[in-house]
Amino acid sequence: MTDVPSAEFNIRDYLRTELFPHFMCPGCGHGIALRALLWALHELGISKDNLAVVSGIGCSGRVGAYIDANTFHTTHGRPLAFATGLKLARPDLKVVVLTGDGDCLAIGGNHLIHACRRNLNITCLLLNNEVYGMTGGQVSPTTTEARYTTTTPSGNHEPAFDACKLAEAAGAGFVGREMTLQTPALKNLVKEGMSHNGFAFIEVLSDCTEIYGRKNDLGESPEMILAQKAEFRSKDYGMERDEVFQPRSLATGVLSRNDHEEYTAAYRKHVLSKASS
Amino acid sequence: MAVASAKPAPRAVARPQNVLIVGVGGQGVIMVSKVLASLCQLQGYDVKQSQVHGMAKRGGTVFSHVRYGERVYSPTIPEGEADVLVALEWAEGMRWLPYLEQKNGTVFVDTQQIVPPFACRNRHRGAVGGYVRETVADIMAHVPNSFALDALGIATALGVPKASNSVLLGAMSTALEFPPDDWKEIIERFVPPKTVQANLKCFDSGRDWALSFDRDGLLEKHAESAPLTVETPREKPDDLSHIDIEANWCKGCDICVRFCPERCLVMNDQQIAEVAYPERCTGCRICEWLCPDFAITVKTPGAVA
Amino acid sequence: MAVPGLRHHREDARGRGLNDTGIQNIQGNHACAVAAVAAGCRFFAGYPITPSSEIAERISVELPKAGGTFVQMEDEIASMAAVIGASAGGIKAMTATSGPGFSLKQENLGYAAGAEIPCVIVDVMRGGPSTGMPTRPAQGDFMQSRWGTHGDHACIVLAPWSVKEIYEQTVRAFNLSETLRVPVIVLYDEVIGHLVETLDPGSVDTGEITTRKWAGGDPAQYRPYACGEDDIPPMARPGDGYRSHTTGLTHAENGFPSQDPTTVDRVARRVLGKLARHNDLVEQVDCYDLDGAQVLIATCGITARAAKSALRLLQDKGIAAGLFRPVTLWPFPEESYREAARGKQQILVPEMNAGQLIYEIQRLTPPGVPVAGFNRLDGEPITPRQIAERVEELLNHD
């Protein structure tokens, strides 16, 4: 492959530097998530030429364009469906989907559950910032209850999704969650997910400082990142003990795995081998 | 209401008055234009206000057209026909100058400089060429009725930096026909109750500033002002860790400054991260990992991946 | 419309390919599936919907034999997205649906048009709106096929009228889509879709199978939407080292989003103008008895077959009538129509909807020449007798 990156991770080897500075707001967690992804790619030795990044619409959707790879910025909610076609057509490509909480869980919810069920070898990074940032800060399926958004002027009255439980129940081969604060841990989780032969769903707890943070008085970027530390617990921590005190805490780390057959392998075995011309 | 009772009969103007208010997201362009539009409406004029909020994101370009007169049809101001141009940010002011009526138009521009992400496009590493190069002297030489004011400075001096918009409103009020008391009444309605006094104080300061505008003095003061410059990181001996900051990529989120365990970094007066104490750096890379803008690279001697 | 060939249907489904068995009776939808594979299609994503489901059923048998992939997606939107994804991956891809599903596909169809990703969509028309009459034919999607998605966009719509032509036009759809980087819609109604006709492979004229132009040269110099004289940019295949960006946002030649007015205008005009530029490839019409005709009947699909019979009925009564049939429905063959309409005293547009094609015909007919419609909305095909009677009625009124 061409453009073999240097042994030491230099993020600029993986970025379209001519597009920088990127368009995200100051302190947006998506940038940190992108770093973790690129770092994981580097450590896995995945070639940029062989990498396809598919994203949808929203802030998360625009992140993909900064990666120096084959990047596809598709329609709202559809990156998983698009990636399904791409991966089936080109099993040789490493396919990563970048999506957001609105993109993946609201308009694209149907595609998510079926992508989990099919268990195609795709890695899906859900950049969860609890809000529709691009359109100005409307409520999303993962907005914490009682938080303010531009469409919940008296506080969000809808319960939030636990995206990882949803993915696990729908049959995803690998499910994990990590916060941007723990960048190396996030990188390792992405590595583990990408190495899994099947659908890997990774929820990245990102943050929207400028719109969501401001609206809810959550402080500046440093405060919002630190708040992650208070709100989330590693799965190994034994969180059941302090659930009483931390009703919002979500587990991070590898949350579930299964050994369901990968889709293309199943297709080869059950369909292609039986087809006689 | 007081304003209504004092309302003059709408002046028969030959054509609508055009006020163009520009800035970047988060500055309050829309607030300023709402104040003006409401004032015009209460004065009995037909008002049209049309605006674009960039991408609903901070830092993007935002503009608002306010047109008022006996009867206004089109909501937008054609190029070269703005009677008053109010810019809350320096580069935006420069960018919209062609919209100003060339002979008699008045421009109020805040000298505050905010480098928007898009203005940095296509800039090579280390270069600072993307931002406008015009200086205060340039614009004053070019546009006869130009007022370049440091609204943020004036408001900060009054102890309320967040009310710099009211300073601009005060300055702008000198170019329009409405009496100051009517302006103040509207401002009271638009700002949070706790900040009314502060905003009115700022309005007065802005108005006084414009009325006692000292063109020559200002020209002299700004004679040596240069476009935004960014310091390049200092050189360090090779045996220490080295923090390299791409100033053009930094958006000033403060994460690196706050998370550095050794307190190596500071925000400079341009809200850009800078290495203040390079000798303290241990090469832990937390600043690099958490920088959402990819602006920081930490080089450690003899590092292995 | 009864399907008399259920036996053949079953045999076909067992996989007796068109070329292996020679002359055979085959259903329109099956011919479409077989033709797609012959045209090089190696990916199909779909969702079951009457009356197009037979295409998915048949191609689920044919594609694995050719080493291709069939996937039934979770919905119509997803199948359109998957088709575009597969095509972006570099292989020929297709989906098939009917009105309700076609409505859902419009979102991503616009993406394919904007990002210029080749794909073929088959719409087997049924009664509408909404769920309408799933098992009854209609021609209500003439306008949706052209103007269904939002914004100005380029697309081609082909309207076959027989099983043989479904085969030919499906192959042609792939060729056009690949050559011109444009979504191509194969549009026919339930009657033809479920019609079983004898198809002689020897009589099928598909011409050469074409494939899109691939990017070549130095990847560092590659700009995904820069093109030469033909206005069709060469496409980069992921994995070949070009690492380009594809977006549904308005983009510059380098593939990245742009809102620069000059760039936006230039790119939009190239994309919208490329079909006119290659009109020799795109346009196809089929005309009968135009010389000396007093009346011109303009229609397509199954209604054109009824009209062709009507020409004979009218001839018997001493009325000279001709038929104009756009095989390429969109972009509408304007010049050919103007030519066909020259000197005619009456135009009749029969269609199985409340009047859609008639708008285009009215627009292109010289002033003073009356244009009348004949519309059936009852889920039954228009008969030759009805068309002939309508013509007589129109002439007697004069």
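Quick notes on this one:
- Residues in region A:13-55 that are β-branched (Val, Ile, Thr), surrounded by fewer than 24 Cβ atoms within 10 Å (Cβ to Cβ) and touching a residue at least 12 places away in the same chain (Cβ under 8 Å): A:46 alone.
- Qualifying positions in region C:28-70 - closer than 17 Å to residue C:123 by Cβ and assigned to a strand (DSSP E or B): C:44, C:45, C:46
Here's the yes/no breakdown for (1) assigned to a strand (DSSP E or B); (2) more than 9 Å from chain C (Cβ to nearest Cβ):
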residue	(1), (2)
A:60	no, yes
A:87	no, no
A:96	yes, yes
A:105	no, yes
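- Only residues that are in contact with a Cys (Cβ under 8 Å, 6 or more places away or on another chain) and among the β-branched types (Val, Ile, Thr) were counted across region A:156-213, and they come to 4.
- If you filter region C:25-84 down to residues that are of a type in the set (S, T, N, Q) and free of Cβ contacts under 8 Å to residues at least 40 places away in the same chain, you find that the one that is farthest from residue A:88 (Cα to Cα) is C:53.
- Test: residue in region A:28-39 that is facing chain B (nearest Cβ under 9 Å), within 25 Å of residue A:137 (Cβ to Cβ) and not in a helix (DSSP H, G or I): yes
- Residue under evaluation residue C:204, criteria (1) within 30 Å of residue C:34 (Cβ to Cβ); (2) within 14 Å of another protein chain (Cβ to nearest Cβ), criterion not met: (2)
- Scanning region A:150-190 for residues that are within 14 Å of chain B (Cβ to nearest Cβ) and either more than 13 Å from the chain's Cα centre (by Cα) or part of a loop (DSSP other than H, G, I, E, B) (or both) gives A:150, A:151, A:180, A:181, A:182, A:183, A:184, A:185, A:188.
- Qualifying residue in region B:276-286 (condition: in a loop (DSSP other than H, G, I, E, B) and among the basic types (Lys, Arg)): yes
- Test set (1) closer than 17 Å to residue C:36 by Cβ; (2) of a type in the set (A, V, I, L, M, F, W, C); (3) more than 10 Å from chain A (Cβ to nearest Cβ) - residue C:125 fails condition number: (1)
- In the set C:218, C:240, C:189, C:230, only one residue is more than 14 Å from every other protein chain (Cβ to nearest Cβ) and surrounded by fewer than 21 Cβ atoms within 10 Å (Cβ to Cβ); that residue is C:230.
- Test set (1) out of contact with any Ser or Thr (no Cβ under 8 Å at 6 or more places or on another chain); (2) under 17 Å from residue C:97 (Cα atoms); (3) in contact (Cβ under 8 Å) with a residue 40 or more places away in the chain - residue C:151 fails condition number: (2)
- Looking only at region A:132-142, and only at residues there that are within 12 Å of chain B (Cβ to nearest Cβ) and part of a strand (DSSP E or B), the one that is farthest from residue A:63 (Cα to Cα): A:138
Residue by residue, here is whether (1) in contact with a Cys (Cβ under 6 Å, 6 or more places away or on another chain); (2) at pLDDT 80 or above; (3) surrounded by 17 or more Cβ atoms within 10 Å (Cβ to Cβ); (4) part of a loop (DSSP other than H, G, I, E, B) holds:
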| residue | (1), (2), (3), (4) |
| --- | --- |
| B:166 | yes, yes, yes, no |
| B:182 | no, yes, yes, no |
| B:202 | no, yes, yes, no |
| B:208 | no, yes, no, no |
| B:233 | no, no, no, yes |
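- Residue C:206 being in contact (Cβ under 8 Å) with a residue 60 or more places away in the chain, surrounded by fewer than 22 Cβ atoms within 10 Å (Cβ to Cβ) and at negative phi: yes
- Taking the conditions (1) of a type in the set (S, T, N, Q); (2) in contact (Cβ under 8 Å) with a residue 24 or more places away in the chain; (3) part of a strand (DSSP E or B); (4) within 14 Å of chain C (Cβ to nearest Cβ) in turn, residue A:123 satisfies each one other than (4).
- Being assigned to a helix (DSSP H, G or I), closer than 25 Å to residue C:210 by Cβ, in contact with a strand residue (DSSP E or B) (Cβ under 9 Å, 6 or more places away or on another chain) and away from chain A (no Cβ under 13 Å) is not true of residue C:87.
- Across region B:96-135, the qualifying residues are those that are modelled with pLDDT under 80 and not in a loop (DSSP other than H, G, I, E, B), and the one among them that is surrounded by the fewest Cβ atoms within 10 Å (Cβ to Cβ) is B:118.
- Test set (1) more than 13 Å from chain A (Cβ to nearest Cβ); (2) surrounded by fewer than 23 Cβ atoms within 10 Å (Cβ to Cβ) - residue C:99 fails condition number: (2)
- Residue in region C:151-168 that is modelled with pLDDT of 95 or more, assigned to a loop (DSSP other than H, G, I, E, B), polar (S, T, N, Q) and buried (at least 24 other Cβ atoms within 10 Å of the Cβ) present: no
- Matching entry among A:262, A:203 (being within 25 Å of residue A:159 (Cα to Cα) and at pLDDT 95 or above): A:203
- Of residues in region B:14-54 being in contact with a strand residue (DSSP E or B) (Cβ under 7 Å, 6 or more places away or on another chain) and hydroxyl-bearing (Ser, Thr, Tyr), the one surrounded by the most Cβ atoms within 10 Å (Cβ to Cβ): B:33
- In region C:291-372, counting only helices (runs of 4 or more DSSP H) that sit wholly within it, the ones holding 1 or more residues that are touching a Pro at 6+ places or on another chain (Cβ under 8 Å) span C:302-316, C:334-341.
- Count - residues of region C:245-269 that are among the hydroxyl-bearing types (Ser, Thr, Tyr), within 14 Å of chain A (Cβ to nearest Cβ) and surrounded by fewer than 21 Cβ atoms within 10 Å (Cβ to Cβ): 2
- For region C:171-230, the tally of residues that are touching a strand residue (DSSP E or B) at 6+ places or on another chain (Cβ under 9 Å), over 16 Å from residue C:275 (Cα atoms) and not in a loop (DSSP other than H, G, I, E, B) stands at 14.
- Test: residue in region C:33-46 that is at pLDDT 95 or above and among the charged types (D, E, K, R): yes
- Scan of region C:270-285 for residues that are in a helix (DSSP H, G or I) and crowded, with 18+ Cβ neighbours inside 10 Å, ordered by number: C:270, C:271, C:274, C:275, C:282
- Yes/no for residue B:91 being small (Gly, Ala, Ser), outside any loop (DSSP other than H, G, I, E, B), modelled with pLDDT under 90 and over 25 Å from residue B:185 (Cβ atoms): yes
- Scanning region A:63-85 for residues that are at the interface with another protein chain (Cβ under 7 Å from one of its Cβ atoms) and in contact (Cβ under 8 Å) with a residue 60 or more places away in the chain gives no hits.
The values are calculated or read from the model by the stated rules, or taken from the named source; none is laboratory data. Small disclaimer: the values here were computed from a predicted structure and weren't measured. Counting neighbours? That spans all protein chains shown, and the Cβs are built from the backbone with ideal geometry, glycine included.
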